[in-house]
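Accompanying notes for the structure given below.
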Amino acid sequence: MNRKKSFVLTKNDRKAARLFAELGMSKNLAKTLMYLSHVDECYSADIEQGANLRQPEVSLVMQELRRRKWIKKQVLKRKGKGRPRNVYKTTTHLSEILNDFEQEKLEEVEGIKGDISELKNLIESR
């Protein structure tokens, strides 16, 4: 992987991450998604620096992103005895991720509406 200067989240990226978080996405996941939307591939250390996260936070987020199949991981072996490094690449465009997230939230809203309706019926039947 060619190393170039690490990207740092812009003001708009931070605002988008905040909005994602206000809608129920984890703040760390939101910041990582915004970072990944600007790079082709990266190491976890790049995300730590660019999204201002700690290594354990990045590890947890990358597990979630892989679980959702939004990224893929490639293990790069180093020459000699060094530990291999993981390179991450998105498999899903940010607009598709937003659509998935929107659908999840709309399903939650429908569930809440159903619960409120059931609650009204229970209270009215007393």
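The values are calculated or read from the model by the stated rules, or taken from the named source; none is laboratory data. Note that the coordinates shown come from a computational prediction; the quantities given were computed from them, not determined experimentally. We place every Cβ from the backbone using ideal geometry, glycine too, and count neighbours over all the protein chains shown.
Here are the numbers for the structure shown:
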item	result
Test: residue in region 41-50 that is in a loop (DSSP other than H, G, I, E, B) and more than 30 Å from GLU108 (Cα to Cα)	no
Of the criteria (1) farther than 24 Å from ARG14 by Cβ; (2) in a loop (DSSP other than H, G, I, E, B), which one THR92 fails	(1)
Criterion violated by GLY114 - all others in (1) in a helix (DSSP H, G or I); (2) under 16 Å from CYS42 (Cβ atoms) satisfied	(2)
Residue identified as part of a strand (DSSP E or B), of a type outside the set (Ser, Thr, Tyr) and surrounded by fewer than 16 Cβ atoms within 10 Å (Cβ to Cβ) among LYS72, LYS81	LYS72
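Conditions tested, residue by residue: (1) assigned by TED's automatic domain parsing to the domain that holds ALA16; (2) out of contact with any Ser or Thr (no Cβ under 6 Å at 6 or more places or on another chain); (3) outside any helix (DSSP H, G or I).
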residue: SER59; (1), (2), (3): yes, yes, no
residue: ARG66; (1), (2), (3): yes, yes, no
residue: LYS105; (1), (2), (3): no, yes, no
residue: LEU119; (1), (2), (3): no, yes, no
residue: ARG126; (1), (2), (3): no, yes, yes
